[in-house]
Every structure is written in structure tokens, then in C-alpha cells.
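To start, the structure under review is shown below, and the notes come after it.
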Amino acid sequence: MEKTAEVKHNCENHERCMEMIQAVLDGSATEEEMAHFKSEMSTCLPCIEGHDLQKSIKEALHDKIEKKCCPEGTIAKIKGKIGVAGLIVGLGLMEASLLHLYF
């Protein structure tokens, strides 16, 4: 008969575990972190509950967020402002170079 692990009702590393849960859910966890998470997850009730809550929040937000394209007029205005800003910076650099040559 195989012995099952006893479920913990307190987590000694709750803050770190919540960070790891977030990393697992957003896909930034390393393979080592994933392995540790999988091995410990089933034995720690606060972490199980934290994972379920974070996953539910992430799924709810994903379902509620409506993705819309930016209007073409807005894109054109932004590109125009970036172009003007680049031109101003370029002229400033040319002026600085010319001043450097004279002095």
C-alpha cells in the first residue's frame, strides 16, 4: 500500500509560493520551479487555494478584456509625433556636433 502525503494547512513560505504560482500561471517559471511547484502543490492547502484563486482571476480577466485595434487616425498621430520628436532630437545632435567642431 502506497503512503499518501499529508496535506499541510499552513505554508511556511507563503509569500515565495505565491510568487512561484504567479510565475507558473504567467509562463515565466523555470523548469526547476515548475518541477518543485508540481511536487509541492498537492500537499499544501494554502498554496492549492492560492493557485486556484490566481488562476480564476487570470481566466476571468482574460474573458472580460476586449481586444480592440487602435484607430488608424490615432496611429498616424502617434507616428507623426514620433517623427517630429526624432527630427528635433536629430537637429539638436547636429547642432551639438557643430558647436563641438567650432569650440
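Rule-based calculations on the coordinates, nothing more; no lab input. Not measured: the values here are computed from a predicted model. All Cβ positions, glycine included, derive from the backbone under ideal geometry; neighbour counts span all protein chains shown.
For the charge dipole of the chain, defined by +1 on Lys and Arg C-beta atoms and -1 on Asp and Glu C-beta atoms about the Cα centroid, which residue among 17, 44, 29 has the Cα displaced farthest towards the positive pole?
Highest projection toward the positive end goes to 29.
Output the DSSP H helices from the chain with an along-axis C-alpha extent of no less than 20 Å and a mean Kyte-Doolittle hydropathy no less than -0.5.
Correct list, ordered by number: 72-102.
Can you give the net charge of the other residues whose Cβ lies under 12 Å from the Cβ of residue 22, counting K and R as +1 and D and E as -1?
Net of charged neighbours comes to -1.
Starting with the highest mean, order 34-42, 6-14 by the number of other Cβ atoms within 10 Å, averaged over the residues of each peptide.
Highest-to-lowest ranking by the protection proxy: 34-42, 6-14.
Please express the Cα-Cα pair-distance distribution P(r) of the chain as a list of whole percents, one per 10 Å bin, running from 0 to the bin with the greatest distance.
Calculated over all Cα pairs of the chain, the distribution is 12, 23, 15, 13, 15, 13, 6, 2, 0 percent.
Calculate the spin-label point distance for residue 22 paired with residue 89, positioning each point 7 Å from the Cα along the beta-carbon direction, and give it in nanometres.
3.1 nm
Which value, in debye to the nearest 20, gives the size of the charge dipole of the chain about its Cα centre, when Lys and Arg are +1 and Asp and Glu are -1 at the Cβ?
Dipole about the Cα centre, nearest 20: 740 debye.
Taking R0 as 25 Å, what's the FRET efficiency between residue 97 and residue 70 from their Cβ-Cβ distance, rounded to 0.05?
0.10
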